[in-house]
Amino acid sequence: MTQVTERIPRKAAAGSTAGRRSAKPNGQWKIDGTEPLNANEEMKAADNGLNVRERIEKVYAHGGFASIDPEDLHGRFRWWGLYTQRKQGIPGGKTATLEPHELEDEYFMLRVRIDGGALTTEQLEVIGGISTEFARDTADVTDRQNIQLHWIDVRDVPEIWRRLESVGLSTTEACGDVPRVILGSPVAGIAAEEIIDPTPVIAEIARRYVGNPEFSNLPRKYKTAITGHPSQDVVHEINDFALVGVVHPEHGPGYDLWVGGGLSAAPRLGERLGVFVSEDAAPDVWEGVTSIFRDYGFRRLRNRARLKFLLADWGPEKFRQVLEDEYLGRALPDSDAAPAPTGPGDHSGVHRQKDGRFYIGLTPLVGRVSGTTLSGLARLLEKHGSQRLRTTPHQKVVALDLAEEQVEPFIAAARELGFEARPGLVSRSAIACTGIEYCKLAIVDTKDTAAAAARELDRRLADRSGRLPKKLSLNVNGCPNSCARIQTADIGLKGQLITDDDGEQVAGFQVHLGGTLATSEDGEPTLGRTVRGLKVAADRLPDYVDGLLQRYAETAEEGESFAAWAHRVDEEELV
């Protein structure tokens, strides 16, 4: 395999209009030069992460875990979708006190990259087979449209790559300081109400830039989302780069550009640049925005190395100017914002396609599946005349191309596999990160806790009379990093150890309330509020949410969403 070399010289670029060297450098390549300012940047400068594949195939797959160079293990392996997983049995209280090598097992999480969430039944069958043969039958559908497997032995990775690539899948840049998977509307090219089909743009960006050494050393991870559906179904407000379908009065269907969104410990919603992007221009605009991040992003401090911090420093007006003047060499047309979403963006349930057939949004509770169930779903789709499906940014699966007479038989059979087309209020929107089961950063269990709470709450609410919210997102995260988007959930839970009434430390959560992205119920996106000292033990979660919904039913105004209510009422209503 050809080795990737650095293409940007290690000196500051002259003539930049975007800034001058500060007294203390931020590691911005075009201002400060490209000399590494921390260990992570030194690792990337020493050898491009894309190069580690050859060592995995020729050295580590033969020598096993003990043969892996630590710099590759804790750095470059991510460029090919590989993270060491948490050693079993280590409690959450040890997460912050043990060294990484003490927390990690000799097995890996492997992330299969699925741009736009688009899969064939053949591809799904291959993933299912890999899971059952190499991953102890584990699999999770993520909230970035990927599928993650666990218990992967480095000796098996070359064969796994061979099988994935034989059906057009890969793990290239599924992790690392690179362009991560491109979120795309799960009903791209399918929905009757679609404004514009993002499939060509997603494919072209992936073709040009995924695995391209020009963009394989970014300051940190870089997330993209593109949709042409009026429900705005790709959580665009929390991505670094996002395109949302609009109709321009002169130029017709195209996209409104958003930049600089992200969550983690310092959440920030993205902002519109106020420009219209045509389908033809979209890949070049992606390249321009991503190049700004590469060249001007803050690299000295890793906790400030996301695009949101650069946007906060520059503001959208300056960002647009630099994009147009330095990277595109032309002005982009002005654009109005897209209208508010017209319906739910999770695509749950049964919907008619523009060709007259139907798509069905299925909920595998909190994204937890298995290789066995994935293979079963592939065969079930084929049995009912379909060969296509999509994953979603809401840990769901969308089955495509079903004839009307096949809809109900398919729904009944999918339920037997654990895929529910008509889930309860809480199960429908509950998502959870990997949690302490496999993640080295986690403090508490997430998947089992969230699934049990959702089932219990749906049982309690099934016969409840009185007002319930139209939607209720319950997002459960095992640490402060917000992989499960806790700040944008109606009820967001950040895992931590808390002290119970008996003075014992137990698994629990800090509570965020009233967060939302743009929805048909809530309109504008809003980060959730926190109430000082509001924490709940994991085993008390159903009781807490149940009580919260009772107070909502008693005091919410007519038509008021849960998020709006949670922001309006006094803190006493929320504890």
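The values are calculated or read from the model by the stated rules, or taken from the named source; none is laboratory data. If you're wondering where the values come from, they're calculated on a predicted model, not measured in any experiment. A quick note on method: Cβ atoms are made from the backbone with ideal geometry, for glycine too, and the neighbour counts reach across all protein chains shown. Keep in mind that these areas ignore ligands, DNA and RNA; they rest on the heavy atoms of the full protein, side chains included. Shrake-Rupley method; radii C 1.70, N 1.55, O 1.52, S 1.80 Å.
For the reader, a short list of remarks on this structure follows.
- A residue that is part of a helix (DSSP H, G or I) and either open to solvent by less than 20 Å² (accessible area, probe 1.4 Å) or under 12 Å from Leu164 (Cβ atoms) (or both) cannot be found anywhere in region 136-149.
- Residues in region 263-287 that are closer than 19 Å to His248 by Cβ, under 22 Å from the mean Cα position of the chain (by Cα) and not in a strand (DSSP E or B): Ala282, Pro283, Val285, Trp286.
- Taking strands (runs of 3 or more DSSP E) as the structural unit, those lying wholly within region 473-562 and holding at least 1 residues that are within 20 Å of the chain's Cα centre (by Cα) correspond to 474-477, 491-499, 505-513.
- Every listed requirement among (1) buried (at least 17 other Cβ atoms within 10 Å of the Cβ); (2) β-branched (Val, Ile, Thr); (3) within 23 Å of Thr392 (Cα to Cα) is met by Val285 save one, (3).
Here's the yes/no breakdown for (1) among the β-branched types (Val, Ile, Thr); (2) at pLDDT 95 or above; (3) not in a loop (DSSP other than H, G, I, E, B):
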| site | (1), (2), (3) |
| --- | --- |
| Glu122 | no, yes, yes |
| Val126 | yes, yes, yes |
| Arg155 | no, yes, yes |
| Ile160 | yes, yes, yes |
| Leu183 | no, yes, yes |
| Ile196 | yes, yes, no |
| Ile202 | yes, yes, yes |
| Leu218 | no, yes, no |
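- For region 60-72, the criterion of being among the hydroxyl-bearing types (Ser, Thr, Tyr), farther than 20 Å from Leu301 by Cα, touching a helix residue (DSSP H, G or I) at 6+ places or on another chain (Cβ under 7 Å) and in contact (Cβ under 8 Å) with a residue 24 or more places away in the chain is met by at least one residue.
- Region 523-551, residues that are crowded, with 21+ Cβ neighbours inside 10 Å and out of contact with any Leu (no Cβ under 8 Å at 6 or more places or on another chain): Ala538
- Condition check for Val506: open to solvent by less than 50 Å² (accessible area, probe 1.4 Å), over 26 Å from Ser348 (Cα atoms), modelled with pLDDT of 95 or more and β-branched (Val, Ile, Thr): yes
- Contacts under 6 angstrom Cβ, first residue in region 211-225 being farther than 23 Å from Gly270 by Cβ and touching a residue at least 40 places away in the same chain (Cβ under 8 Å), partner aromatic (Phe, Trp, Tyr) and open to solvent by less than 30 Å² (accessible area, probe 1.4 Å), 6 or more apart: none
- Only listed residue being of a type outside the set (Lys, Arg) and open to solvent by 10 Å² or more (accessible area, probe 1.4 Å), chosen from Gly371, Gly361, Gly356: Gly356
- Of all the residues in region 109-120, those that are at negative phi and either touching an Asp or Glu at 6+ places or on another chain (Cβ under 8 Å) or in a helix (DSSP H, G or I) (or both) number 2.
- Residues that are acidic (Asp, Glu) and over 16 Å from the mean Cα position of the chain (by Cα), drawn from region 135-180: Asp137, Asp153, Asp156, Glu159, Glu165
- The residue that is farthest from the chain's Cα centre (by Cα), among those in region 247-258 that are open to solvent by 10 Å² or more (accessible area, probe 1.4 Å) and in contact (Cβ under 8 Å) with a residue 40 or more places away in the chain, is Glu250.
- Any hit, region 470-481, residues being over 21 Å from Val531 (Cα atoms) and touching a helix residue (DSSP H, G or I) at 6+ places or on another chain (Cβ under 7 Å): yes
- Subset of region 19-66 (residues that are among the small types (Gly, Ala, Ser), in a helix (DSSP H, G or I) and either crowded, with 16+ Cβ neighbours inside 10 Å or in contact with a Pro (Cβ under 8 Å, 6 or more places away or on another chain) (or both)): Ala45, Gly49, Ala61
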